[in-house]
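Chemist: Just dropping this structure here.
The values are calculated or read from the model by the stated rules, or taken from the named source; none is laboratory data. Quick caveat: nothing in here was measured; it's all calculated off a predicted structure. Here the Cβ is made from the backbone with ideal geometry for all residues, glycine too, and neighbour counts use every protein chain on show. Surface areas here come from the heavy atoms of the whole protein model, side chains and all, with no ligands, DNA or RNA. Shrake-Rupley method; radii C 1.70, N 1.55, O 1.52, S 1.80 Å.
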Amino acid sequence: MGALLLRCVLLALVVAAHGAVAGRLSPNYYRHSCPRVERIVADVVAAKQRANPSTAAGTLRLFFHDCFVGGCDASVLVSPLSADRSPERAAEINLSLPGDSFDVVARAKAALEVACPGAVSCADILALAARDLVGILGGPRFPVALGRRDARRSDARDVEGNLPRTNMSARAMTVLFARKGFTPQELVALAGAHTVGFSHCGEFAHRLYSFRSADGYDPSLNPSFARALQTSCANYKKDPTISIFNDIMTPGKFDEVYFKNLPRGLGLLASDAALWEYPVTRVFVQRYADNRTAFFEDFARAMQKLGAVGVKTGRQGVVRRHCDVL
């Protein structure tokens, strides 16, 4: 009886060890099944960014929205037209995700299906595309561990409460990020992605009009900046597509200027300004404003950590032939 129990324990340990190895991501995951995966994705991404310069910021946002809801499993890519129930993409907060970010993943997937049919997951393509686009805009390059599988499900009901809102306080954001295993420093580093891209006026209009202050706008805004925004966004209700660069100084460059803007009252979103107002996060805003190298290093590490959130491996997921279809 004792020998039988020992054999069962040893067998369980062997199975557990195998599962741990099988579930581990690796930069060399496609060494044999698709050795040119990174080159193929990089070529597609570079061409798309040249044609549509807004692709980079949109893809970074898409990657974040995917990973923070159920893990990095490409569930956000599923089209409402192809699903039996409303997928994540149909959730209100995801309706503004730009089409170019979905398109770049679809183009890379199509190229990979020609080179390596059925081998590379959509989740891995999105992770690689986000990394490559940061580099194209002058940001840090870093290795991406691969081996994610795509989700078998996508449900809009999973989204609420898992993504930060543009009017969130810094304290609320630190609580949300802590639930996902991220520190305040990693929150601020990832927020640095707002150094590129733009936001629609409707996302920050509450800071500009009828604000409870003498001037009618959020007093944490630089006065000249606030008045310029009031003019630029004046017709946002009639035209909800009106938008402003998140970083008005160097909008097309991945750098630390976003952090330099915050103490000057040039943070566009309330959630941006909140990072400077909250002492817990302000120290990291100042650190990155003063030191681009520190920001790049911490951003790269935070992106690698983000890319490992809730990943599916092996039989936990699938490799979709079309990223927008379950």
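Chemist: Give segment 150-180 a look and list any residue that's closer than 23 Å to residue 96 by Cα and small (Gly, Ala, Ser), or say none.
Modeler: Residues satisfying the conditions are 151, 154, 156, 161, 169, 170, 172.
Chemist: Using beta carbons and a limit of 9 Å, which pairs, at least six apart or on different chains, have the first residue in segment 287-311 and under 27 Å from residue 76 (Cβ atoms) and of a type in the set (Val, Ile, Thr) and the second one surrounded by fewer than 17 Cβ atoms within 10 Å (Cβ to Cβ) and modelled with pLDDT under 95?
Modeler: Note: pairs meeting the criteria are 311/23.
Chemist: Could you tell me whether residue 165 is under 26 Å from residue 239 (Cβ atoms), among the charged types (D, E, K, R) and assigned to a loop (DSSP other than H, G, I, E, B)?
Modeler: Criteria met by residue 165.
Chemist: Let me ask something else about it. Considering segment 40-84 alone, what residues qualify as being among the acidic types (Asp, Glu) and either surrounded by fewer than 19 Cβ atoms within 10 Å (Cβ to Cβ) or farther than 16 Å from residue 303 by Cα (or both)?
Modeler: Within segment 40-84, 43, 84 qualify.
Chemist: Right, here's the next one. Taking the condition of being part of a loop (DSSP other than H, G, I, E, B) and not charged (D, E, K, R), how many residues in segment 50-107 meet it?
Modeler: So the count comes out to 22.
Chemist: Scanning for something among the polar types (S, T, N, Q) and over 22 Å from residue 40 (Cβ atoms), does segment 76-85 turn up at least one residue?
Modeler: Scanning segment 76-85 turns up at least one residue that is among the polar types (S, T, N, Q) and over 22 Å from residue 40 (Cβ atoms).
Chemist: Could you count how many residues in segment 171-229 are more than 30 Å from residue 297 (Cα to Cα), of a type in the set (S, T, N, Q) and either assigned to a helix (DSSP H, G or I) or open to solvent by less than 10 Å² (accessible area, probe 1.4 Å) (or both)?
Modeler: Going through segment 171-229 one residue at a time, the tally reaches 1.
Chemist: Among the residues of segment 230-253, which ones are touching a Leu at 6+ places or on another chain (Cβ under 9 Å) and either within 19 Å of residue 183 (Cβ to Cβ) or part of a strand (DSSP E or B) (or both)?
Modeler: If the condition is that a residue be touching a Leu at 6+ places or on another chain (Cβ under 9 Å) and either within 19 Å of residue 183 (Cβ to Cβ) or part of a strand (DSSP E or B) (or both), then 244, 245 are the ones that fit.
Chemist: Follow-up. If a residue must be more than 16 Å from residue 154 (Cα to Cα) and of a type outside the set (S, T, N, Q), how many such residues does segment 28-82 contain?
Modeler: 27
Chemist: Please go through segment 278-292 and give me each residue that is touching a helix residue (DSSP H, G or I) at 6+ places or on another chain (Cβ under 7 Å) and open to solvent by 60 Å² or more (accessible area, probe 1.4 Å), ordered by number.
Modeler: 280, 282, 287
Chemist: If residue 103 meets every condition in (1) over 16 Å from residue 43 (Cα atoms); (2) over 13 Å from the mean Cα position of the chain (by Cα); (3) open to solvent by 40 Å² or more (accessible area, probe 1.4 Å) apart from one, which number is that one?
Modeler: So the condition that residue 103 fails would be (1).
Chemist: Does segment 150-170 hold any residues that are surrounded by fewer than 18 Cβ atoms within 10 Å (Cβ to Cβ) and within 26 Å of residue 320 (Cα to Cα), and which are they?
Modeler: Within segment 150-170, 152, 153, 157, 158, 160, 162, 163 qualify.
Chemist: Condition first: crowded, with 24+ Cβ neighbours inside 10 Å and in a helix (DSSP H, G or I). Now tell me which residues in segment 110-127 satisfy that.
Modeler: 112, 122, 123, 124, 125, 126, 127
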